[in-house]
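Heads up, the thing below is written out as structure tokens.
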Amino acid sequence: MTHTPQERVAARRERRMGVRLAYAVLAGAAAELTGLGLIATAAWLITRAAEQPPLAALSVAIVAVRAFATSRGVFRYAERLTGHDVALRAQATTRERLYESLIPPHTPRQGGADLLSRMVDDTEAVQDLLVRCLLPAAAALITSVAAVAIGLGVLPSAALVLFAGLAVAGVLLPAGTAAATRRWSARIAPARAALAARTADLVHGAADLAAYGAGDRALRSALDADDQLAALERRQARVHAAALSFGVLTQGLTVAAIVLLAQNAGVDTVGTAVLALMSLVAFEPVLPLAAAGERLAGILAAVRRLRDVRATPPAITEPAAPAPLPRGPLTVEVRDLVVRHAPRDSGDAAPEATDSMTRPALDGVSLTLTPGKRVVLVGPSGAGKSTLLATLMRLVEPEGGTITVNGVDVRDLRSDDVRTLMTGLTQDPYVFQATLRDNLRLAGPDADDEELARAVRQARLDAWVESVGWDAELGEDARTVSGGQLQRLALARALLYDPPILLLDEPAEALDEATADELMADLLDATHGRTTLMVTHRLRGLEQVDEIIVLEGGKVIQRGTHEELVNRPGYYRDLWESEALTRSA
């Protein structure tokens, strides 16, 4: 079987992690075994020394105590080092795979604060699975086997009692805490997500909440979410405390029973002391397993939540043998395109509502983009304009029809290759927490200062750049830029990226009248001679474009130039007259 380079790299990485995990298990077991040996040897040394034997009879035990004490620290350090190294690598791999599942064309069902909770809290569960569950369980198992073996050599009946006590503390107790926790532990992660969502609403929606007098209600909702989370965590703490108490009680009863058995069997003082202290120490790596069982329930729930995100199938199917990227001037042919969005769970929705959800978003749409041609899509909201752009960029899989670039079907191209040919302004551009220069270089990592300046001039953003400087820090969520500056920044990115075919989705949306008119004029000027497909609700200036296509209900109801459409009864002329009346008012 032939594997891709990425698969071979992943396989090598997994093998190395397996080796590191084995080292961590061995180091942890060695640390616990040396601790067991230290206590057993020290018990023998103390009780034997009380009998005042010759010093030579104690010399080996003295050296053994020092050796066990020193090596225990070394093994413990090695176990912490290798164990956390494996855990952090596993966590990083999990996050990497999760990020890959969020990149288009994947469309996760989750979003917002819930998705953030999965990316942060749930990925940390992978680290806890190794550090708090797997490694302690392996060390406890090896130590328990060694302790029972030593007990068999001294007093078999005591070994059986020790085995029973360790089984209760190391198997039954963790299973009980896991079962008790499982009923409500899966509710903790959603409760955290709910609290994060309420907090995000309070922070980012503060202005709207204040404007409509809803701040107190939102604050009460956040406090209720906080109380719910706190109650769940208090229950978790009570289970932990009860499990720890029962484990300590089991330890004490086991040691007491072993001492009584040793005395009744006539074991000497040295043997009794060794059995008692060895049994006491054998519980040290076992007692934390109760907390591990409790944590395991939450970890398994987190793993399931991560699996839900990663199991989201891609919206499009990549070709098994991708066709080479088309070269030269590009012509895009869209013929009889049909796109139907995947139906969601309709619950108790009426049949007519379900039918509307499964109705084609695009139904038999056709258009042609030749080199240098500018085409504009207009129509009411929900007409399918943005869906058409998403389908062109291979973010949505069509149900029927074809899209070809220079005769090559886009379904035969890699989705990333398609987006290098056709991309541009999104409807909701994002500003990163970085400098103005770095925000621009998102579209051109290797662009020099001259190329950046040219893109800024073409986007009519040069005056603002000169006033704030290239190293101005732009805030997250575009809080440091106006709506017009945000759209022009996005336009500068698109021009810097310089795709052969520029796609613009509502570039003047949510801007005031004057700013929108200026931006549209600059867009039409910047796209002159550039193959462009633009979605807009604004008709001013469209006399400059080559073709206007009117969509309604996913179908083309009109097409032609601006002059042809304003002279023809229909949606376009009605919208043009309505816009003219609005401007004159």
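The values are calculated or read from the model by the stated rules, or taken from the named source; none is laboratory data. Not measured: the values here are computed from a predicted model. For neighbour counting, all protein chains shown are included, and Cβ atoms are generated from backbone atoms with ideal geometry for every residue, glycine included.
Any idea how many residues of region 528-572 are small (Gly, Ala, Ser) and surrounded by 22 or more Cβ atoms within 10 Å (Cβ to Cβ)?
Residues meeting the conditions: 1.
What tally of residues in region 433-490 results from selecting those that are part of a loop (DSSP other than H, G, I, E, B), of a type outside the set (A, V, I, L, M, F, W, C) and over 25 Å from the mean Cα position of the chain (by Cα)?
Qualifying residue count, region 433-490: 8.
Inside region 261-283, can you point out the residues that are more than 15 Å from Gly153 (Cβ to Cβ), without any contact (Cβ under 8 Å) to a residue 60 or more places away in the chain and buried (at least 20 other Cβ atoms within 10 Å of the Cβ)?
Matches in region 261-283: none.
Scanning for something outside any helix (DSSP H, G or I), farther than 22 Å from Val255 by Cβ and in contact with a helix residue (DSSP H, G or I) (Cβ under 7 Å, 6 or more places away or on another chain), does region 192-207 turn up at least one residue?
no
Of everything in region 84-96 that's under 19 Å from Ala140 (Cβ atoms) and free of Cβ contacts under 8 Å to residues at least 60 places away in the same chain, which residue is surrounded by the fewest Cβ atoms within 10 Å (Cβ to Cβ)?
Going through the qualifying residues, I end up with His84.
Every residue in region 293-303 that is within 18 Å of the chain's Cα centre (by Cα) and in contact (Cβ under 8 Å) with a residue 24 or more places away in the chain, please.
Of everything in region 293-303, those that are within 18 Å of the chain's Cα centre (by Cα) and in contact (Cβ under 8 Å) with a residue 24 or more places away in the chain turn out to be Gly298, Ile299, Ala301, Ala302, Val303.
Taking the condition of being touching a residue at least 24 places away in the same chain (Cβ under 8 Å) and exposed (fewer than 15 other Cβ atoms within 10 Å of the Cβ), how many residues in region 200-227 meet it?
2
Residues are listed down the side, and each one gets a yes or a no for (1) modelled with pLDDT of 90 or more; (2) assigned to a strand (DSSP E or B); (3) over 30 Å from Pro324 (Cα atoms); (4) of a type outside the set (Lys, Arg):
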| position | (1), (2), (3), (4) |
| --- | --- |
| Ser356 | no, no, yes, yes |
| Val365 | yes, yes, no, yes |
| Gly372 | yes, no, no, yes |
| Ser381 | no, no, yes, yes |
| Ala390 | no, no, no, yes |
| Glu397 | no, no, no, yes |
| Arg419 | no, no, no, no |
| Gly424 | no, yes, no, yes |
| Val431 | no, no, yes, yes |
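Select from region 468-490 the residues that are at pLDDT 75 or above and charged (D, E, K, R) and list them in ascending order.
Result: Asp471, Glu473, Arg488.
If Asp522 meets every condition in (1) closer than 29 Å to Val338 by Cα; (2) charged (D, E, K, R); (3) touching a residue at least 40 places away in the same chain (Cβ under 8 Å); (4) not in a loop (DSSP other than H, G, I, E, B) apart from one, which number is that one?
(1)
Enumerate the pairs (first residue in region 447-476 and closer than 18 Å to Asp522 by Cβ; second residue anywhere and of a type in the set (Phe, Trp, Tyr) and modelled with pLDDT of 85 or more) with beta-carbon separation below 8 Å, excluding pairs fewer than 6 apart on the same chain, so at least 6 apart or on different chains.
Within 8 Å, the pairs are Leu452/Trp470.
Can you find, within region 149-164, the residue that is surrounded by the fewest Cβ atoms within 10 Å (Cβ to Cβ) among those that are touching a residue at least 40 places away in the same chain (Cβ under 8 Å) and closer than 17 Å to Thr272 by Cβ?
Out of the qualifying residues, it is Ser157.
So Gly247 clears everything in (1) touching a Leu at 6+ places or on another chain (Cβ under 9 Å); (2) surrounded by fewer than 21 Cβ atoms within 10 Å (Cβ to Cβ); (3) modelled with pLDDT under 90 except one condition, right? Which one?
Result: Gly247 passes all but (2).
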